Amino acid sequence: MRVMDPRLRRALRVAVPFVLVPALVALGAVVFEGKRYLIISLGIAVLSLLLFAAGVERRNIGSRRMVITAIMTALAVFGRFIPVFKPVTAICVLTAVYLGAEAGFLAGSLSVLISNIYFGQGPWTPFQMLGFGLLGLIAGYLGRYLARSRVLLAVYGAAAGIAYSFIMDIWTVLWYSGGFEPDLYLAAIVSAIPFTLTYVASNVAFLLILAKPVGGKLNRIKLKYGV
């Protein structure tokens, strides 16, 4: 894996998750009206890989990090097949905490794209990819704190469940009305409360359950291989 120029890496680590991917999602929803969702989803996947590459500082470490991230992504894909309570967010968060923010974004976005081959691709896929990707990314930024405190990890899991629901409610309003209307958005948030509470409960439960076994193994791998 080739290492980028440090200035380019810094620029991409900001531009990709906070400018390019959201712009691509908005383009697909507003301009193409959800009709080019596969192209948009693949574009997000490419940008996710670019972001991951931008986080690589040394070539030998990048290859190891990619292999471990691929394994965590596969686990997140499998997690989506668990009914009702799903460990997807928890796996993406732990990936980010121990492997870095870019790895968390990649695991989140790609796990959605891959699993939706079974669950169904649609105009909602880009929003799901953005949602899970950002939850992983931000967890990586807070990694040093989340790794030390179960309480903070649980709080982040709860906040992540609410944030993901809010992001998906944006798609709900755009799909229903063809444009963003604050009143409809508020109604969507209220009507989605049971689902939001499910997200919150599953995130907190799986983070507390998986933090020690999965987090411990990732930490050992991180120390052993310098990932």
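Placing unit charges on the Cβ atoms only, positive for Lys and Arg and negative for Asp and Glu, gives the chain a dipole magnitude near 1340 debye about its Cα centre.
Peptides 104-117, 121-134 ordered by packing proxy, namely the average of other Cβ atoms within 10 Å per residue, highest first: 104-117, 121-134. Where only DSSP H runs of four or more residues are counted, the chain gives -25500 deg cm²/dmol as its mean residue ellipticity at 222 nm, each run worth -39500 (n - 2.57). K35: which lysines have alpha carbons under 30 Å from its alpha carbon, excluding same-chain residues fewer than 8 sequence positions away? Result set, ordered by chain and number: K86. Tell me, what is the percent relative contact order of region 6-225, built from C-alpha pairs under 8 Å that lie six or more residues apart? Once normalised by length, the contact order is 21 percent. Counting only lysines at least 8 places from K224 when in the same chain, those with an alpha carbon closer than 23 Å to its own are K212.
Where does helix 59-79 land angle-wise versus the long Cα axis of the chain, in degrees 0 to 90, nearest 10? Approximately 40 degrees, to the nearest ten. What is the calculated FRET efficiency for Y176 to D5, with r their C-beta to C-beta distance and R₀ = 35 Å, to the nearest 0.05? Once rounded, the FRET efficiency stands at 0.20. Note on semi-axes √(5λ) of the Cα gyration tensor in Å: of the candidates (i) 28, 22, 15; (ii) 26, 19, 18; (iii) 29, 24, 20, the value calculated from this structure sits at (i). Model label sites at L27 and L197, defined 7 Å from Cα along the beta-carbon direction, differ in position by 4.1 nm. Calculate, for I189 and L223, the FRET efficiency according to 1/(1 + (r/R0)^6) with r their C-beta to C-beta distance and R0 45 Å; round to the nearest 0.05. The value I calculate is 0.60.
By how many degrees, 0 to 90 and rounded to 10, does the Cα axis of helix 182-191 deviate from the longest principal axis of the chain? It works out to around 70 degrees.
Note that region 153-159 has calculated 3J(HN,Hα) couplings of 5, 5, 4, 5, x, 5, 5 Hz, one per residue in order, obtained from phi through the Karplus relation 6.51 cos²θ - 1.76 cosθ + 1.60 (θ = phi - 60°); glycine and proline are x.
Projecting the Cα atoms of A205, Y37, L142 onto the charge dipole of region 6-225 (Cβ charges, centred on the Cα centre) puts L142 farthest toward the positive pole.
Throughout, read-outs are computed from the coordinates displayed, never taken from laboratory work. None of the values given here were measured: they were computed from a predicted structure. Every residue, glycine as well, gets a Cβ built from its backbone with ideal geometry; the counts of neighbours run over all protein chains shown.
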